[in-house]
Every structure is written in structure tokens, then in C-alpha cells.
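The block underneath contains the structure these notes are about, expressed in C-alpha cells.
The values are calculated or read from the model by the stated rules, or taken from the named source; none is laboratory data. The structure presented is a predicted model; accordingly, all values stated were derived computationally and were not measured. Heads up, the Cβs are rebuilt from the backbone with ideal geometry, glycines too, and the neighbour counts pull from every protein chain shown. For accessibility, only protein heavy atoms count, side chains too; no ligands or nucleic acids. Shrake-Rupley method; radii C 1.70, N 1.55, O 1.52, S 1.80 Å.
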Amino acid sequence: MLFNFLFVFTTIFSFAQLGLVDSHVNASGSIFTGIEMPQHSSFGAQVSSTSACDPSVSDQQTSTKPAVKLHLKRRGSADSKPKGKESVEESTYRDLIRIQTLDKRVTQNKNQNQNQNQNILSRLVKEGVSKHYHEIKNAISPAPESFSDQLMAKVESGVSLGSGEYFMDVFIGTPPKHYSLILDTGSDLNWIQSLPCYDCFQQNGPYYDPKESQSFQNISCHDPRCQLVSPPDPPQACTEENQTCPYFYWYGDSSNTTGDFALETFTINLTAHTGKSEFRQLENMMFGSGHWNRGLFHGAAGLLGLGRGPLSFSSQLQSSYGHSFSYCLVDRNSDQNVSSKLIFGEDKGLLGHKELNFTSFVSGKDNPVETFYYIQIKSIIVGGEVLDIPQETWKLSSQGLGGTIIDSGTTLSYFANPAYKIIEEAFVRKVKKYPIVADYFPILHPCYNVSGVKDTELPTFGIEFVDGAIWNFPTENYFIRLDPEEIVCLAMMENSRSAMSILGNYQQQNFHISYDTKRSRLGFAPANCAEL
């Protein structure tokens, strides 16, 4: 039952007791409608006054950042588990849509001048406006606060929202109101559907209304921070002194958002070690106030980016929590009440883990899309055998083709050919103990009948990286058991759409995984995520 172990995040805070949650459900909005962009009246509007951002701090001042921890929880009960084959089919469909999105993002960033990464900052400096560099850098890195407690939040599955994505409920604005946003490690811009909604998909709950928030501030099109987002096509002339900053963000699978680039206050729930709960505010967070939005965002109000770019939620929190975040996903058989974890800041327990391994991210000129977390595979090991896969299969070309990314938003792992065919053939060659089921489930292959077998014995699987790190996986991370038929299938698929390979979240369960952007490395260690 695949949705059983899709770790879909939805952070739930106890604002209901404070009277901050609006129970109204807005049923308006259209799904998958074509967008004909009208002239957005607010694009030429006067912006509200924006406060100056706090100055950035030195590495010495930010070297010892406290970590904050979110508890991630799944919704539903054992009685509501979907059937195995149907849930795998549904998740595979969503994976293929996401792969199309990721692949087109590479092409988009390679062929178009997208102003969504640090190259924009460098260009501004070269053009003689270096004074703006610090303004933008400070906007990305707000002044630190002394967070000494853990950020504790319950997270629930998005299955009830009709989605296989990760959800996190956040509170936005003053007074704060609750919205469910998709967590996406493959994008940067944080955005939310906003009134007036000229063309919006249906979401659970009301649309965000900037007029009802005392902390909403538009960013002027003259503000250097406006250069961090892509303008609509064709771009609009910036003529008025206080004209708003319009943005357009495209996800490649016809999903996109257009609106005003702005600042807002995000509220988080801190739980002290004593168990007492208190609320903290993150002011002047850059986000998109989306007035035209469409795509596969079932039930969500918008998106929260966790990519490597400067606009992502994790990047904007770096001055408070440092340059690391990590997560630990509970296994699919765990109790529904057991929490997964999302942690901002370095986790001392992970850094002291005796089995912790690091591999470097592909970065700089070798990474055509700064948003993605590329890792460099050297070889695949099945049953102790290093498979004869051509090295060219794993290389990221100067044109942005190929390579491997680690992605929390894709369920299974997808390998480009010939890697996938060689991996599949290796398992078929090495598994002789159980009868193969040829026509049982054409989506996944090979599948084996393990009826009556208490402890299955299947070949080991591991990934070796170019810098020597080896990631060995337990059997339950690369074989799916489909009950009640007692069939196990290899939980990997061929990426026939592009040369990119993707390490999905199914392979990441019960590993504590760290994204360290300052040292440009991925950390991973086996863990019992239910007890972290």
C-alpha cells in the first residue's frame, strides 16, 4: 500500500485554540484551465512602504546555530489504507509528472535567462551596482535570533487532499492564518494563492488576502530584490517609482504561478524542552502572492521551496539556523502516530553518528540548475557485484543533461538507461530462490512470489559515489511488498523521459539525511526515524 508509506508532510499547529484558523472553505477556482494573462491591475500599483532588512552577520557570529525540529506525521488509519497496486500506479503517475517537471526545469534554466539564482547577484555587482548586493544578500539572510528550543509540529499526510506530495501547514500574515503548502526540494520560490484570484486551482481553505494582513509589503519593481524573480512574458515596463514587482514561475509540466513578489511574516510554533508551546515570527520573508496559478497542486494553497537557490524557505532561514537542514522519514510499516522529522540547523546527534557518510553536491559551473541537489554516482553494487554501467551514464553534461539528483518529492528511484536495464538484469540473474511473477504488475519488474516466506532473502543494493562514500540500503528500501498477494517488486523504474536519474524518498526511509549547502555535501546515516 504505497500511500501507506508516502511521507507527505502537513505541519499542524494549535492555532485553533487561539482563534487564528479560518474554518471557511473557498470552493471557487478552476482546475487545469488555460490561462490567458489579463493586465494585472496590481502590477502597476503603488507598493506599501518596505522596511530595511537587518544587516547580515559574519560566519563567526553564525557558526553555532541551534537546530529546530519539526515532527512529521501521517494522516489516516490502518482501515483507510488503499490497495497496493492502485496506490503504486497512482504514485508512479505523479512521479512521471514530476520527472517531466524536473527535466523541463533543466532545459528552461539552460536556454533562458532565469533570474532565480546567485548568478543574478554576481551580474548586479559586475554592472556597477555592488551596493545592491548587500541589500539582496541581507534580504535572503535576515538577522539571527536566539532560538534555543526545538521547532515541534505535527505533520499529516496529504492523501486526503488527493496528493502524493509533502505538505506543511504554515501560518502567514498578521494576524496569522493557516495554509497548507507543498514542500518541494526541487524549487525555490515560496508562493501562495492570493486574492484577487483571477485564475486559480481549487484548494482546501480560503485564499490568502493581502489586504487582511498588517505585515504584507509589496516589493517595488525598482527594488534590486525584484531581479531575483523572473518577470512575466512579455516583461512589463517599470516606470512608476512605487510600481509592484511582478513574477512568473514555471514548473515545466504546465504548472505555473504569476503574481506580485512581496514580503510577509511567517509564524512558527516553538516547543520548549519543558513542553510549553510558544509562537515565533519570521519577518520579511520573500514570497510570491499568486493571482494566476494552475497545475497539479491538489488541495494545497501554494508551495514552500526547499531548493538550493536564494529564495527558498531554507535559504532565507540560514542566518537563524545555519546552512543545513535534514529530515528522517519513518518506514512504511510504522504506526500512523509515529512522527517523521524535519530539522533546520546542524543536528549534533547526526554529526556524531558512527555510520555517517558524506558525498559532495555537484555545484558551480558543473550544475546547470542551482536549485537541484545533484550527487555524483560512480557505481551501483547488487549482491556484492559492481555492475558494468558506463560512466557516461552518471555524468552531468555541460548542456545540463544527465546527472543524478536526490529528491524528497519523487517516491521511487528512477535510473536512466542503460543503468536501469543493467540493474534490473542483475536482480533477475541473482534471485533464484523465489518464482518470478511475469504478468502480475507490469509497472514494476521484477516481481517475486514470496507467499509463506517469513524472512525474504534478496540481493543487497548499494550506491558508491565518486568521492568514496557508499550508501547501502536495507531490503525494504528497494523492494515493495504488495499485500495480500504476498508479492515483492523492485522499487525502481526506468526514466525513459530523460537522461536524469533520481533517488526518491522510498529509498530514503529510515535514514537521517542532511543537506549542508555551506560545505556543499549530502550526509546520510541509518536511523530509527521513529525514535529520533
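For segment 287-420, a Kirkwood hydrodynamic radius built from all Cα pairs, placed in the Stokes-Einstein relation at 37 °C and 0.692 mPa s, yields a translational diffusion coefficient of 180 µm²/s.
Peptides 284-292, 254-262, 343-351 ranked from most to least packed, by the mean per-residue count of other Cβ atoms within 10 Å: 284-292, 254-262, 343-351. For a distance above 12 Å, tell me the whole-number percent of Cα pairs in segment 385-424 that qualify. When every Cα pair of segment 385-424 is considered, 63 percent fall beyond 12 Å.
If r is the Cβ-Cβ distance from H353 to V466 and R0 is 25 Å, what FRET efficiency results, to the nearest 0.05?
That pair, H353 with V466, gives E of 0.65.
Ligands, DNA and RNA are left out, and with a 1.4 angstrom probe the accessible area of segment 349-531 is 41 Å² per residue. With a Cα cut-off of under 28 Å and a minimum spacing of 8 residues unless on different chains, the lysine pairs in segment 349-531 number 19.
Using C-alpha pairs below 8 Å separated by at least 6 residues, the relative contact order for segment 349-531 is 30 percent. Taking 1 over the mean of 1/r across every pair of different Cα atoms in segment 357-424, what Kirkwood radius in Å do you get? That comes to 13.1 Å for segment 357-424. Descending by average beta-carbon neighbour count within 10 Å, the peptides 428-434, 456-462, 511-517 line up as 511-517, 456-462, 428-434, the highest first.
Both radii come from the Cα set of segment 349-531: Rg as radius of gyration, Rh as Kirkwood radius; their ratio Rg/Rh reads 0.97.
The P(r) of segment 441-532 has a tail past 21 Å containing 45 percent of all C-alpha pairs.
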